[in-house]
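The values are calculated or read from the model by the stated rules, or taken from the named source; none is laboratory data. Quick caveat: nothing in here was measured; it's all calculated off a predicted structure. Ideal geometry is used to build each Cβ from the backbone, glycine not excepted, and the neighbour counts take in all protein chains shown.
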C-alpha cells in the first residue's frame, strides 16, 4: 500500500497531497490544520516518505523505512524540548543553519514542525525570516490544532491542508455528498445574485466552525480547478467528474475574478481561525463573490 493511501478518514487531505505529487509542484511550506487526533503528524510523515521515495511512497525502500523509523538524516521533527512548553528560538536558528545545506541523501530535506502554534514570539519571527527566503530542496510542514496562534504572515506563505474529524462531511466525496450539494446550491445562488436565498442557505451551512472551514476549503479547490481550466491544464483537476459544471463557470469568470476570489477565501480562513462567527464569515465571503461577478446590484428574491 502506498504511503499516502495509509492516511485514513481524510479523503480530502489525501487527495490534495496526491495531487501535489502528481503535478510535481512542491511548495516550500505546508500547514496541516485540524483538531488533535485527526492524524496530522502521521500524514506529514507519510508525505515526507512520498516526497523522497523514487516510487512515490512505496513503504519498502531504504528511504521510506528510515523515515518511518525516524532515522533519516534529511527528515526532522521539531517539537518543544524536554520540560518546555514552547518551541524556542534556538531550535529555529539550528534549523535555519541546517536547512540551507544540501540534503545528504534525499531529494528534499523535510522539517515537520509539530504544533507550530506553540512557538515563542522569537521563534515564530525566526521561522518567518526563513520562509521569506526559503532554501531550495527543503520542505517545511507545520502542523497545528490552533492556526489562530500562528502569525498571519507565516500562514500566508503556507499551502493549507485541512484535516477534519467528520469524515461524513468530507467534501472530497463526489458526487453525492450532502455538504457538496449545499455548496453547489449556494454557488448557483451567487451566480443568480439572490441575496436573501443566500442568507437562508448560509444559516443552514454554517452551524459550526468546522463546517464553515470545510466549505471554505471546498471553494478554494473548486475555484482552483476553474483557474486550471482557464490555463488549459486539465490533467491535474480534482473535480474531473464535474467537468461540465467547471467548464460552464470557466467561460463566465475572468482570471482577474478568480485571483480576487482566492484572496477573499484566504481572508475567510483567517477570520475563522480567529473565531469570527462562521455565519458572518460565509455571508461576507458570498457577498464578495457576488460583487466580483460583475453585477452592480443584487436581486432580493
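Tabulated data
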item	result
Residue match in region 95-107 (condition: in the same structural domain as residue 161 (by TED's automatic domain parsing) and within 21 Å of residue 147 (Cβ to Cβ))	yes
Subset of region 9-48 [under 23 Å from residue 211 (Cα atoms), in a loop (DSSP other than H, G, I, E, B) and under 13 Å from the mean Cα position of the chain (by Cα)]	10, 34
Every residue from region 43-58 that is within 20 Å of residue 16 (Cβ to Cβ) and either touching a helix residue (DSSP H, G or I) at 6+ places or on another chain (Cβ under 8 Å) or not assigned by TED's automatic domain parsing to the domain that holds residue 106 (or both)	43, 45, 46, 47, 48, 49, 50, 51, 52, 53, 56, 57
Sole exception among (1) part of a helix (DSSP H, G or I); (2) at pLDDT 70 or above; (3) not assigned by TED's automatic domain parsing to the domain that holds residue 21 for residue 153, by number	(3)
Any hit, region 24-34, residues being crowded, with 23+ Cβ neighbours inside 10 Å and over 15 Å from residue 163 (Cβ atoms)	no
Residue ranges of helices (runs of 4 or more DSSP H) in region 193-301 with at least 3 members at pLDDT 75 or above and surrounded by 13 or more Cβ atoms within 10 Å (Cβ to Cβ)	209-230, 243-252, 255-273, 278-292
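Every residue, every condition in (1) touching a residue at least 60 places away in the same chain (Cβ under 8 Å); (2) outside any loop (DSSP other than H, G, I, E, B); (3) under 21 Å from residue 47 (Cβ atoms), yes or no:
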position	(1), (2), (3)
85	no, no, no
93	no, yes, no
97	no, yes, no
105	no, no, yes
117	no, yes, yes
125	no, yes, no
134	yes, no, yes
141	yes, yes, yes
148	yes, yes, no
